[in-house]
Amino acid sequence: MIFQLARMTLRERKAGLVAAFVALLGSSMLLTAFGVLLQSGLVGGGVDAQRYARAPVVVGGRQSFSVTAGKTKVKPLSRPAPLDDRVVAEVAAVEGVRRALPDITFPARLVAPDGGLDATNSERTNGERPSSGHNWSGAPLGPYELTRGRAPERPGEVVLDAALADRAHAEPGRRVRVAATREAREYLVTGVAALRTPDGRPPRSPAVFFCDAEAAALYAHPGRVDAVGVLPEPGTDPGALADRLDRRLAGSGAVTYLGGDRSRVEFPDVASARSGLVESAASLGATVVLIAMIVVASTLALDGHQRRRELALLRAVAATPRQVYRLLAAEVLVVSLAAALLGCLPGVLVAGGLVKGLALAGVVPGDFALSYGPLPPLVAVLASVLAAEVAVLGVARRAVAVRPVEALTEARAAPARPRRARTVCGALLFLLGVAAALLPLLFDGVLAVAGAGTGGLVMVVAVLLLAPPLAGAASRLLAAPVRRWTGPHGRLAVANVRADSRQLASAIGPLALAIGFALIQLGIPTTTAAAAREQAAAGVVADFTLQGGPGGPPPGVVGEAAALPGVAGATGVVRVEVHASREVLGSPEVFTYQAQGLSSPPSPATLDLDVTAGSLTALRGDDTVALGTGAAATLGAHLGGRVRLHLPDGAELRPVVVALYGRGLGFGEVTLPQDVLFAHSTRQVEDAVFVGAAPGADERRLAAELRSLAGRYPGLEVLDAGGLSAAQQEQAFASVLTSALPLALVFGYLAVSVANTLVLATLGRVREFALLRLVGASREQVVRMMRVEAGVVVAIAVAVGTAVPLLPLATISLGLTGSPVPYVPVPLYLGVVALTALVGLTAVLVPTRLVLRARPVEGIGVRG
């Protein structure tokens, strides 16, 4: 019975629920898109294994670590950790294993005739990466098979991938120069091998194979391997074999990988991309659910306000509160279910487009394939329907709050003032947000900054509840200037907005929400990126920066640069991701930091980290660490105390803090001896080498001598002091773009939802426009009045949406950079405001013109 009545009301009031339908369709679309990204990051996404294609089971390092402090928390690693080479014998001893083949990977590039590195095709065209070096004993895992020549048997011999050999015109018997993790050397090409994969795809990274002894020397991690490929006995089930391997290797840190997960071990960029997708999709998915609830609740509240006569009549003819609620819930269920189902397919397409955008930004590989399945659409449908049903609760409560006898009287006109409960709730929520936003003034560290960010979003949401009193106050403030500047149309517009603050608030609130949300979400990464760029520029006092090479400058570059005449000091830097943990409220909290490893304590002529306590000269061995002041505050660390660190391979250290420094954003919040990071990561080369000239040295001559190093280390580039700043600027732009791309989708969804709310509000004024025209107003006069009214709405929304985020952005900036002035690029701010204003003006003026097409006598009879 209720559903029959709901279908009848929906047929009669289709326009009233179009806005909710569009909002729910958009939420389902985005939830499906982020769900696909999340699923792709967790299981199945990426690329197919290539060098491990023949091995149905691959044993690799663990991909997570756990922290226990009262409770236990598991944190993923950006890529699987290396293995102890003793695992090879353990794997080989398991029943069903025919061969257990170790595999190692390291940078290795051919040197072109001009002395530079062999050029590869762009990854944005066919996904090919620079070549890499491997041990020949791992070739059967692909399988790589010799097409010409023989295998490398001794140091000084290599086998080239067929595509690489063709490009270099290198046949067996020819000698080539190869740049790897040490000075470039000449090698004899003994053979050419081709990758025989089932799909026939070319290798993502062409291989250069060395004999096992030389590969191990170039890998530079004695006693370690990247993975062990398992070739099973014929007829062995891979799943059962993986179970036996897991039991045999329990406690060793080794993990078995099957199917698509094998590429996580083979390709570091795939492993990193999957981790990033999980983090981004999970956080944005939760944000979309929250926004959907807010937008749908606002839309349904406006629709309920316009239906107050109808609902009042139901109450007057003895409909019980429960029946009214069931009617509204049934209507919303039908609308939300239809909208959510229709939003699933576009969501899948949006996920594909988003990944392509992230690939252009360099966040994910260009050939990253998404994992599709029924789970993301199913979750999106359920979440959208649940959000709508929760949102309708408030509308139903307001509809049944009055007694039946008073219902028709209540419905004659909109309440002159907003409900006290709404205002009180909004004020309390806003004060709670302000309190959270002030946390960085009282506490140091990232937890306080995170609290301020959350507080900013709470303040923005509170604006929706406080929109009626804010709209009333703002309209009174603007009444005089609007009347003075816009004439009679302005007077009529001011009278309208002052007569019904609820109607004005329904337009201002969503617009202010859109502006505030965008400024907070985009202001944080832009402020952080700008501070990092400034700190890097101030902290690099070196005259030259050396970058480039096969993966980066080999470690030997530092010593050779330091030995040149006229050099005051040279410091090599390698950067990796590390984790630190501490106990907070009885449970562990894990924080991710960018760490730098220094080849030696930095010379005053190379780097200035702005040391505030202790000394970097005490940084030696794996029992010492230097922290940025931000990380120290977050971790509760002090000079001489110990911190709990988790290195890239998951290994735990508890080093002593020997120094604190102020430029953590520019250089990394954690600084360790370089040997420690080399030993606990897959890195074998530097990221950069900083060289400082001695006083009075001839810098032109020194630059020429540094460039001469490229003869022994092909690909090495000599940049001036601004080299790191340029790299930082490019990295910062990529970081902001990474945040902006998914947020652009959320902002677009919010803009469309806001537009629908404004369209609904405008279409609900048919009777008002008809009455104005019956008393003599022309169509153009009504349009001019609405143009002024829309301008007032946009102006108030821009002012409120800009003012509310100022406090949280200022305190966040203070907590991150020490300055209360956030950095939001002017073009970015103007773009957000312009887009929001365009949405607001269009969503008001276009429906106005459509409504005015009807004859006044027809409009006066429309139900409102």
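For region 509-529, check the following and say yes or no: at least one residue is part of a loop (DSSP other than H, G, I, E, B) and touching a residue at least 60 places away in the same chain (Cβ under 8 Å). Step through it out loud before you land on a result.
Taking region 509-529 as the starting set, the residues that turn out to be part of a loop (DSSP other than H, G, I, E, B) are none.
No, that holds for no residue.
Any residue in region 3-15 that is assigned to a helix (DSSP H, G or I), of a type in the set (Gly, Ala, Ser) and either surrounded by fewer than 24 Cβ atoms within 10 Å (Cβ to Cβ) or at pLDDT 90 or above (or both)?
Start the filter on region 3-15 by keeping residues that are assigned to a helix (DSSP H, G or I), which leaves 3-12, 15.
Next, from what is left, pick out any that are of a type in the set (Gly, Ala, Ser): 6, 15.
In the following step, the residues that additionally are either surrounded by fewer than 24 Cβ atoms within 10 Å (Cβ to Cβ) or at pLDDT 90 or above (or both) were identified as 6, 15.
Yes, some residue in region 3-15 is assigned to a helix (DSSP H, G or I), of a type in the set (Gly, Ala, Ser) and either surrounded by fewer than 24 Cβ atoms within 10 Å (Cβ to Cβ) or at pLDDT 90 or above (or both).
Look at (1) free of Cβ contacts under 8 Å to residues at least 12 places away in the same chain; (2) surrounded by 18 or more Cβ atoms within 10 Å (Cβ to Cβ) and you find that Leu431 fails only one, number (2).
Of the candidates Thr545, Thr486, the single residue that is polar (S, T, N, Q), more than 26 Å from the chain's Cα centre (by Cα) and within 30 Å of Val111 (Cα to Cα) is Thr545. Of the listed requirements (1) of a type in the set (Ser, Thr, Tyr); (2) within 24 Å of Leu513 (Cα to Cα); (3) surrounded by fewer than 18 Cβ atoms within 10 Å (Cβ to Cβ), Thr757 misses just one: (3). Among the residues making up region 149-170, a single one is within 39 Å of the chain's Cα centre (by Cα), assigned to a strand (DSSP E or B) and not aliphatic (A, V, I, L, M): Asp161. Here Gly551 passes the criteria (1) modelled with pLDDT of 85 or more; (2) not in a helix (DSSP H, G or I) except the one numbered (1).
When restricted to residues that are touching a residue at least 24 places away in the same chain (Cβ under 8 Å), out of contact with any Ser or Thr (no Cβ under 8 Å at 6 or more places or on another chain) and among the small types (Gly, Ala, Ser), region 563-574 contains 1.
Just to be sure before I move on: is Pro80 under 30 Å from Phe368 (Cα atoms), in contact (Cβ under 8 Å) with a residue 12 or more places away in the chain and assigned to a loop (DSSP other than H, G, I, E, B) in the structure I sent? Please lay out each step first, then the result.
Working: under 30 Å from Phe368 (Cα atoms): yes; in contact (Cβ under 8 Å) with a residue 12 or more places away in the chain: yes; assigned to a loop (DSSP other than H, G, I, E, B): yes.
Yes.
Gly173 passes every criterion in (1) without any contact (Cβ under 8 Å) to a residue 40 or more places away in the chain; (2) part of a loop (DSSP other than H, G, I, E, B); (3) small (Gly, Ala, Ser); (4) under 30 Å from Ser272 (Cα atoms) apart from (4). Restricting attention to region 762-813, the residues that are under 30 Å from Thr454 (Cβ atoms) and of a type in the set (A, V, I, L, M, F, W, C) total 15.
With the condition kept exactly as written, say whether any residue in region 457-478 is farther than 19 Å from Val798 by Cα, surrounded by fewer than 22 Cβ atoms within 10 Å (Cβ to Cβ) and hydrophobic (A, V, I, L, M, F, W, C).
no
Residues checked against (1) of a type outside the set (S, T, N, Q); (2) part of a helix (DSSP H, G or I); (3) within 22 Å of Ala301 (Cα to Cα):
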site: Leu758; (1), (2), (3): yes, yes, yes
site: Gly776; (1), (2), (3): yes, no, no
site: Leu807; (1), (2), (3): yes, yes, no
site: Ala810; (1), (2), (3): yes, yes, no
site: Leu838; (1), (2), (3): yes, yes, no
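Checking each residue in region 647-677 for being of a type in the set (D, E, K, R) and assigned to a loop (DSSP other than H, G, I, E, B) picks out Asp649, Arg654, Arg663, Glu669.
Taking Glu214, is it touching a residue at least 40 places away in the same chain (Cβ under 8 Å), outside any helix (DSSP H, G or I) and either of a type in the set (Phe, Trp, Tyr) or not assigned by TED's automatic domain parsing to the domain that holds Pro555 (or both)?
It is false that Glu214 is touching a residue at least 40 places away in the same chain (Cβ under 8 Å), outside any helix (DSSP H, G or I) and either of a type in the set (Phe, Trp, Tyr) or not assigned by TED's automatic domain parsing to the domain that holds Pro555 (or both).
For region 670-685, the criterion of being of a type in the set (Gly, Ala, Ser) and over 23 Å from Ala542 (Cβ atoms) is met by at least one residue.
For region 594-610, check the following and say yes or no: at least one residue is part of a strand (DSSP E or B) and farther than 26 Å from Thr817 by Cβ.
Just the residues of region 594-610 that are part of a strand (DSSP E or B), to begin with: 594-598, 607.
With farther than 26 Å from Thr817 by Cβ added as a condition, the list becomes none.
No, region 594-610 contains no residue that is part of a strand (DSSP E or B) and farther than 26 Å from Thr817 by Cβ.
Within region 251-260, the set of residues being of a type outside the set (Ser, Thr, Tyr) and either surrounded by 22 or more Cβ atoms within 10 Å (Cβ to Cβ) or not in a helix (DSSP H, G or I) (or both) comprises Gly251, Gly253, Ala254, Val255, Leu258. When region 700-716 is examined, which residues are found to be crowded, with 17+ Cβ neighbours inside 10 Å and closer than 21 Å to Thr181 by Cβ? Passing the criteria: Leu706, Leu709, Ala710, Tyr713, Pro714, Gly715, Leu716. Check whether at least one residue in region 302-317 is assigned to a helix (DSSP H, G or I) and at pLDDT 75 or above, and report yes or no. Looking for residues that are assigned to a helix (DSSP H, G or I) and at pLDDT 75 or above, one finds none in region 302-317, hence no.
The values are calculated or read from the model by the stated rules, or taken from the named source; none is laboratory data. Because the structure is predicted, anything quoted here is derived from the model rather than measured. All Cβ positions, glycine included, derive from the backbone under ideal geometry; neighbour counts span all protein chains shown.
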